[in-house]
């Protein structure tokens, strides 16, 4: 279980002051699928990076299965079972897709196993397994490869920052199917930062963040009518 206790973050500025991005975020994640949504600029992606260890909070604690991981960096948190998928996936010149999946899994996987992970994200394995993870791949292809690496890791907490960004309609439909399958098979939790209604529809719980704070949260059945019907503080979500 992930627990955030009073997480606040102020981005440093040139004058030495800090611009407040998050304030007093307290949240427990023990469901399989939690979606975090809200207006752009509300602090959602910052919170995702804080959970992953990319950014250090100004105040507060982060606990994973009761252990305080606040002082730990990205690498240490990854070893504890935290995965993070960037909104814009990283390119790795000179590394093949197979290499990336092998490194992500942390074990010696066969080419056949790597192909299975690619197939699960809707990619023809023989066309991709030996390709370099470089500029020759589209944003949608990179996004699916990144998700495949998270599947290969099989971690207890998987964080996705707007996975729908930069992909075409077919890829998005396939992405939904991937998350539905992950939901069925995962032994941990998925946290997704998203604006997309179709992703919100498969979440166990929806958390709304606006102006750096949690403005509302609840189960899917409770929250969707508010968000899609124009009710609540953050009903008007930004379209992708």
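The values are calculated or read from the model by the stated rules, or taken from the named source; none is laboratory data. Here the structure is a predicted model, which is why all the values come from computation and not from measurement. Neighbour counts are summed over all protein chains in view; Cβ atoms, including those assigned to glycine, are modelled from backbone coordinates with ideal geometry.
Quick notes on this one:
- Answer residue from segment 104-138, given it is loosely packed, with under 15 Cβ neighbours inside 10 Å and assigned to a helix (DSSP H, G or I) and is nearest to the chain's Cα centre (by Cα) among those: 119
- Restricting 182, 228 to residues that are more than 27 Å from residue 151 (Cα to Cα) and either at pLDDT 75 or above or buried (at least 16 other Cβ atoms within 10 Å of the Cβ) (or both) narrows the list to 228.
- Among residues of segment 106-123 that are on the phi < 0 side of the Ramachandran plot and in contact (Cβ under 8 Å) with a residue 40 or more places away in the chain, those with a Cβ under 9 angstrom from a residue that is surrounded by fewer than 15 Cβ atoms within 10 Å (Cβ to Cβ) and part of a helix (DSSP H, G or I), sequence gap 6+ or separate chain, pair up as 120/181.
- Conditions (1) surrounded by fewer than 18 Cβ atoms within 10 Å (Cβ to Cβ); (2) within 30 Å of residue 129 (Cβ to Cβ); number of the one not met by residue 97: (1)
- Where a residue in segment 47-58 is within 9 Å of residue 159 (Cα to Cα) and its partner, wherever it lies, is in a helix (DSSP H, G or I), with Cβ under 7 Å and at least six apart: 52/74; 52/77
- Qualifying position, being in a strand (DSSP E or B), under 15 Å from the mean Cα position of the chain (by Cα) and within 22 Å of residue 212 (Cα to Cα), among 11, 35, 48: 35
- Segment 65-82 - residue that is touching a strand residue (DSSP E or B) at 6+ places or on another chain (Cβ under 7 Å) and at pLDDT below 95 and, of those, surrounded by the most Cβ atoms within 10 Å (Cβ to Cβ): 82
- Criterion (touching a residue at least 12 places away in the same chain (Cβ under 8 Å), touching a strand residue (DSSP E or B) at 6+ places or on another chain (Cβ under 6 Å) and over 14 Å from residue 104 (Cβ atoms)) met by exactly one of 176, 167, 150, 159: 159
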